[in-house]
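Chemist: Structure provided below as structure tokens; questions to follow.
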Amino acid sequence: MTDLDWRPEQAKKSLNRIFPNLEEKFADKLVDIQGDWQIFKIRLNTQWERLFTYLHALYGWQYDFFYTLERVLYSLVEYWLQRPPELKLLDEQRQVNPTWFLSEKVVGIVLYVDLFSDNLTKLKDHIPYFKKLDLNYLHLMPIFSVPLDDNDGGYAVSDYRAINPDLGTMSELSEIARRLLEEGISLALDFVFNHTSDEHTWAKRARSGDPEYLNYYFTYPDRELPDQFQKYLRDIFPTVRRGSFTWNEEMRRWVWTTFNSFQWDLNYSNPEVMRAMMEEMLYLANQGVEIFRLDAVPFIWKRLGTDCENQPEAHTVIRAFNAMAKIAAPCILFKSEAIVHPDEVVKYIHPDECQLSYNPLLMALLWESLATKEVKFLEHSMRHRNRVPAGCTWVNYLRCHDDIGWSFDDVDARKVGIDPAGHRKFLNEFYTGNYPGSFARGVPFQFNPGNGDVRVSGTLSSLAGLEEALEKGDNELIEKAVRRINMLRAIQVSIGGIPLLYGGDEFGQMNDYTYMTDPTKINDSRWIHRAKRRWDARDDLADQDTLEWRFFREMVKLFRLRKEIPAFQNGGMEVTSIGNPHLFGYFRTFENQRILAINNFSDKPQKMDTGRLEVYGARGDVVNLLSDEVVSIEDGLMVEGYDAVWLDLSGGVAMI
Ligand code: GLC
């Protein structure tokens, strides 16, 4: 018998053994909800074998594996029982249409509550703002209870069940989630599951020497193992600290801290950690969180002799969470935050793992093309790296709260004649404004003196040249910067995937240099693009003749157009050669609709030949859906500098 023959059999047996106890344990609570219970049982039966297989792969060798299964199952029922009726209804609705998020109608924003509206109470007053943008996906940056100063912008969580008191309360969050649901807006939150803050109760108990909680983290009495691991690990925040282990005097032990010294990595080889974190996740799901951004996914499993990133077990852990969610709160979606090599990014994307993933390669290569004014690298990479499994999609972003790293593939770079190391250096110089003729105003992030690596911080507008242009008061430069930004945004909404705005981008927010005078922020240049919202759209959201409104209007228009074009739903994007080194083109096709998007990365007008357009099915006059104009292609198609066009080729004959 092979392993696989054996597991389904064992899975069934274990469920049959546990189930009667389960029904008995929760009998009182099940009396009035027999209908619901039947639905739960169906889901449990459907998912159990999968969940069992994952847990078996991770913990099957442990003597008390059956106990682990039992505990997980009890928790699943418990949290399902606590789930409010309106969320159970949402579960049902989503199951009828499980790939709702692939629709062209879905567009989102991510923002910091304190920077956007001070607190959760005031956030509610801004729902009209979200409606004006017609958003249906709202991601709030970490809002949990965190240590006062050392909290990595919210990513060092002290209590997953408590909101940072400066921002509000958990009941306010649930209330907001309910309001958003009524408005058709899905709430996304981070699931910071790789580590907790050193002030989390679990960490405090570990510090007091409690062996149960010591085992929640990776701690070592001496340097023997840390030194062996360290040989293969990279430093994530090298300016702040070197090495991945922190000495804790209270415990007199070394603690594994991949990120900052106050962020303690959780030990998923302990099944209790898996179960405890599942409970935290389901607790939050029961408050109305529908989409979880899985923070720092590559780091959640450690193996000696490796870089401890992207281990196979990291995938198994996420798949186990996925199966748990499908049983107890099936509307949940996962978005993977894997900002690593593109080969690894894509491995997290699967309906059984993360249905959504950031698209760091597209983001980085859009900036690359803007700097070089050429699209060969972008075109080559997107041609073979953009596919994701059916039922999944990218989340396309231009900027987020983190830095930009140039995580493209070196072989791809060489293939198009680019020296990867030299190019990364060039891009860093370009985007920190140190390259002659650069329009960008970014700053370096985490220079590593060991290997010379560095990343870049800055807002969309400042990196795209608006800050410099405004400072010079040069209208022509301002116009160019605006066009760059709008072209990037046109790509973001049309290329396939959920466009996710970074709060502030909708009105062109620029760098904020105040972090340089704040001792708690000065060592982390990412604060340059985590600025307090400096634009106060009036309450009535009445349009005005300002640069901010110009950006905002364009964003509203882009979202509206996207929603009107079924071919912009997610999936099925085909990169095509335009025959001009500055023009990046792709087809979006759905049923009879076929759109050719062309984007000019140079500041000068560029031409696409009539012949090629005809091969692609264009005849005579063609409609540009973006400008709503008819264009003649008789003498080729001229695309203005930094412009995007969406040619409607639906009537044409596709010959490629
Ligand atoms: C993720 C977050 C980043 C944070 C890190 C550690 O990468 O996006 O902001 O510093 O995880 O939690």
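Chemist: Which residue out of TRP256, TRP264, TRP247 is among the hydrophobic types (A, V, I, L, M, F, W, C) and free of Cβ contacts under 8 Å to residues at least 24 places away in the same chain? Let's see the steps before the verdict.
Modeler: Values: TRP256 fails: free of Cβ contacts under 8 Å to residues at least 24 places away in the same chain; TRP264 fails: free of Cβ contacts under 8 Å to residues at least 24 places away in the same chain.
Residue meeting the stated conditions: TRP247.
Chemist: Anything in region 630-656 that is within 21 Å of PRO566 (Cβ to Cβ), open to solvent by 40 Å² or more (accessible area, probe 1.4 Å) and within 36 Å of the chain's Cα centre (by Cα)? List them, or say none.
Modeler: If the condition is that a residue be within 21 Å of PRO566 (Cβ to Cβ), open to solvent by 40 Å² or more (accessible area, probe 1.4 Å) and within 36 Å of the chain's Cα centre (by Cα), then ASP648, SER650, ALA654, ILE656 are the ones that fit.
Chemist: Another question, if that's okay. Filter region 57-70 for residues that are in a helix (DSSP H, G or I) and open to solvent by less than 30 Å² (accessible area, probe 1.4 Å) and give the result.
Modeler: Keep residues of region 57-70 that are in a helix (DSSP H, G or I), which gives 57-59, 65-70.
The answer is LEU58, TYR59, PHE65, THR68, LEU69.
Chemist: Looking at region 395-420, which of the residues that are open to solvent by less than 20 Å² (accessible area, probe 1.4 Å) and under 14 Å from the mean Cα position of the chain (by Cα) is farthest from PHE334 (Cα to Cα)?
Modeler: ILE404
Chemist: Which of the numbered conditions does ASP265 fail, given that it passes all the others? Conditions: (1) open to solvent by less than 10 Å² (accessible area, probe 1.4 Å); (2) more than 16 Å from the ligand (Cβ to nearest atom); (3) assigned to a strand (DSSP E or B).
Modeler: Among (1) open to solvent by less than 10 Å² (accessible area, probe 1.4 Å); (2) more than 16 Å from the ligand (Cβ to nearest atom); (3) assigned to a strand (DSSP E or B), ASP265 violates only (2).
Chemist: For region 351-432, which fully contained helices (runs of 4 or more DSSP H) count at least 3 residues that are small (Gly, Ala, Ser)?
Modeler: In region 351-432, the matching helices (runs of 4 or more DSSP H) lie at 360-372.
Chemist: While we're on this one: So if I check each of TYR283, TYR232, which one is away from the ligand (no atom under 15 Å from the Cβ), assigned to a loop (DSSP other than H, G, I, E, B), surrounded by fewer than 20 Cβ atoms within 10 Å (Cβ to Cβ) and of a type in the set (Phe, Trp, Tyr)?
Modeler: Values: TYR283 fails: assigned to a loop (DSSP other than H, G, I, E, B).
Exactly one of TYR283, TYR232 is away from the ligand (no atom under 15 Å from the Cβ), assigned to a loop (DSSP other than H, G, I, E, B), surrounded by fewer than 20 Cβ atoms within 10 Å (Cβ to Cβ) and of a type in the set (Phe, Trp, Tyr), namely TYR232.
Chemist: I would also like to ask the following. Residue check, TYR268 against (1) closer than 30 Å to PRO519 by Cα; (2) out of contact with any Cys (no Cβ under 9 Å at 6 or more places or on another chain), all met but one. Which one?
Modeler: Against the list (1) closer than 30 Å to PRO519 by Cα; (2) out of contact with any Cys (no Cβ under 9 Å at 6 or more places or on another chain), TYR268 comes up short only on (1).
Chemist: Return the residues of region 184-220 that are hydrophobic (A, V, I, L, M, F, W, C) and open to solvent by less than 10 Å² (accessible area, probe 1.4 Å); say none if nothing qualifies. Full working, then the answer.
Modeler: Taking region 184-220 first, the residues hydrophobic (A, V, I, L, M, F, W, C) are 185, 187-189, 191-193, 202-203, 206, 214, 218.
Listed by number, the residues that qualify are ILE185, LEU187, ALA188, LEU189, PHE191, VAL192, PHE193, ALA203, ALA206.
Chemist: Give me the residue from region 431-460 that is polar (S, T, N, Q) and within 27 Å of the chain's Cα centre (by Cα) and, out of that set, modelled with the lowest pLDDT.
Modeler: Taking region 431-460 and keeping what is polar (S, T, N, Q), we get 432, 434, 438, 446, 448, 451, 457, 459.
Next, only the ones that are within 27 Å of the chain's Cα centre (by Cα) stay: 432, 446, 448, 457, 459.
Numbers: THR432: 95, GLN446: 89, ASN448: 85, SER457: 98, THR459: 98.
Out of the qualifying residues, it is ASN448.
Chemist: Next question. Could you tell me whether VAL240 is crowded, with 22+ Cβ neighbours inside 10 Å, within 16 Å of the ligand (Cβ to nearest atom) and aliphatic (A, V, I, L, M)?
Modeler: Details: crowded, with 22+ Cβ neighbours inside 10 Å: no; within 16 Å of the ligand (Cβ to nearest atom): yes; aliphatic (A, V, I, L, M): yes.
Here the answer is no, as VAL240 does not meet what is asked.
Chemist: Could you check region 463-520 and list, in sequence order, the residues that are part of a helix (DSSP H, G or I) and charged (D, E, K, R)? Give the derivation first.
Modeler: Of all residues in region 463-520, those part of a helix (DSSP H, G or I) come to 463, 466-472, 475-494, 505-507, 513-517.
Residues satisfying the conditions are GLU467, GLU468, GLU471, LYS472, GLU476, GLU479, LYS480, ARG483, ARG484, ARG489, ASP505, GLU506.
The values are calculated or read from the model by the stated rules, or taken from the named source; none is laboratory data. All of these numbers come straight from a predicted model, not from anything done at the bench. For neighbour counting, all protein chains shown are included, and Cβ atoms are generated from backbone atoms with ideal geometry for every residue, glycine included. Accessible surface areas use protein heavy atoms only, side chains included; no ligands, DNA or RNA. Shrake-Rupley method; radii C 1.70, N 1.55, O 1.52, S 1.80 Å.
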